1. Could you go through the range 301-319 and let me know if any residue there is hydroxyl-bearing (S, T, Y) and in a loop (DSSP other than H, G, I, E, B).
2. Evaluate the following for T146: is it part of a loop (DSSP other than H, G, I, E, B) and of a type in the set (S, T, Y)?
3. Specify the residue that is surrounded by the most Cβ atoms within 10 Å (Cβ to Cβ); the eligible residues are those in the range 331-347 that are assigned to a helix (DSSP H, G or I) and touching a Phe, Trp or Tyr at 6+ places or on another chain (Cβ under 9 Å).
4. Can you spot a residue in the range 270-277 that is in a loop (DSSP other than H, G, I, E, B) and either among the aromatic types (F, W, Y) or free of Cβ contacts under 8 Å to residues at least 24 places away in the same chain (or both)?
5. What's the total number of residues in the range 226-263 that are open to solvent by 10 Å² or more (accessible area, probe 1.4 Å) and polar (S, T, N, Q)?
6. Can you tell me which residue is modelled with the lowest pLDDT among those in the range 194-209 that are touching a strand residue (DSSP E or B) at 6+ places or on another chain (Cβ under 8 Å) and surrounded by 20 or more Cβ atoms within 10 Å (Cβ to Cβ)?
7. Among (1) open to solvent by 10 Å² or more (accessible area, probe 1.4 Å); (2) touching a residue at least 60 places away in the same chain (Cβ under 8 Å); (3) not polar (S, T, N, Q), where does R162 come up short?
8. Quick check on the range 191-198. Is at least one of its residues assigned to a strand (DSSP E or B) and not aromatic (F, W, Y)?
Amino acid sequence: MLSTRSSRSQRLTRRRFTTLSTMSFLSLMASSTGAVVAYPQLKHLVRMANSFRLGTTFSQLQCEYLNLDYKETFRQICDLGFYRIRLCSYWNELEPIENQYNFSVLDWLLEESDRRKLEVVLTVGMKAPRWPEFHFPKWLEAQQDTRNTSQPIDYNREIADRTLRLVDRVIHHTRTARSVRYWQVENEPFARMEITGDRSLSPEFVRQEVELVRSLALPRQKVMLSNAIDLPTYIEEDEKAFQVSLALADAIGINVYTRVPDGDDGYLEPHESYWEKLKDWQEAMKRNRKEAWIAEAQAEPWEPNQLVAMNDIHYPSASPERMAELISVVKNFGYSTVMLWGCEYWYWHQRNGRSHWWQAIQNLVEV
């Protein structure tokens, strides 16, 4: 079992590194590969790499939080021209009443993806992208202790069995959609973070889920697992989680954030060892013939005490320029897919007369 770890935004020492700033180190790493890329030139870099895929994660629940129509938002995001998109099967949405399933929202998203010939990564399990990640239906929360952090939450056998039943039902219902190419089993299943209530899953249970998914998947469909990497540098639990994923998955996605609150008045940024570990992991995946992804590349602010920072136009934690630099660096590390995090945020700003993020994404993605 993987041991407890602190939140990304509240490391034990909350150190502020002065040896290298995030952006100077990103530039250094890009230079070391012979690929210093100015922001306006990045679109050309993406086009030239035939095996490089740019995508994003779409959340209908985030649209609801931002008071956006999910259908309109999804169409607009798709029109940007992404190659891949990650969709979320939320338990509280799919089974709002015990043993009564409602696939209407997910069906619409998959039909639209099929029509546009997108490649879809579909999350399955109890943990899915966007806060609070464990999207348990209310009826299950009334029956079981879904907040227990003393041990992996799947140690509650009732929750585990119901999760496996959910996975079975989702895959049976959606696997014939032409767009579904990857099943993401849970989201950062081994990471224990304050933002998700310090809850995690055990490697044994995730292995059971992966085996179930493989038994149900069609031949064209693969398994993806996602992992966290701690700020300001990776920790032992990150490496353990990566090794488990390396043994189980066809594709491994790393979630990469380059500036997040430190719990005081500053921000945590990656130390040199953070980037070295990202490069080491890519090389390990290549040796083991695994697809190396960035499952979440920060393209949305992460500000102190705000679920989504929306009041201002510019924030210290994220900018289009930082996003572009990050894409350049991880591409040169050899990551074949980069999934940008924040598409609902970009569209919310676009709808409110703030086009800086939207235009930046358009400059990166061929329409």
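1. yes
2. The answer is yes for T146.
3. Of the residues in the range 331-347, the ones assigned to a helix (DSSP H, G or I) are 331-333, 343-347.
If we keep only those that are touching a Phe, Trp or Tyr at 6+ places or on another chain (Cβ under 9 Å) too, we end up with 331, 333, 343-347.
Working: K331: 23, F333: 19, C343: 29, E344: 27, Y345: 19, W346: 27, Y347: 22.
Only one residue fits best here, namely C343.
4. First, pick out the residues of the range 270-277 that are in a loop (DSSP other than H, G, I, E, B): 270-271.
If we keep only those that are either among the aromatic types (F, W, Y) or free of Cβ contacts under 8 Å to residues at least 24 places away in the same chain (or both) as well, we get none.
Checking the range 270-277: not a single residue is in a loop (DSSP other than H, G, I, E, B) and either among the aromatic types (F, W, Y) or free of Cβ contacts under 8 Å to residues at least 24 places away in the same chain (or both).
5. Of the residues in the range 226-263, 2 are open to solvent by 10 Å² or more (accessible area, probe 1.4 Å) and polar (S, T, N, Q).
6. Among those residues, the one meeting the criterion is R199.
7. Tallying (1) open to solvent by 10 Å² or more (accessible area, probe 1.4 Å); (2) touching a residue at least 60 places away in the same chain (Cβ under 8 Å); (3) not polar (S, T, N, Q), R162 fails exactly one: (2).
8. Quick first cut of the range 191-198, residues assigned to a strand (DSSP E or B) only: none.
Looking through the range 191-198, none of the residues is assigned to a strand (DSSP E or B) and not aromatic (F, W, Y).
The values are calculated or read from the model by the stated rules, or taken from the named source; none is laboratory data. From a predicted model like this one, the values you see are computed outputs, not experimental measurements. Neighbour counts run over all protein chains shown; Cβ positions are idealised from the backbone, glycine included. Heavy atoms of the whole protein, side chains included, go into the accessibility calculation; ligands, DNA and RNA do not. Shrake-Rupley method; radii C 1.70, N 1.55, O 1.52, S 1.80 Å.
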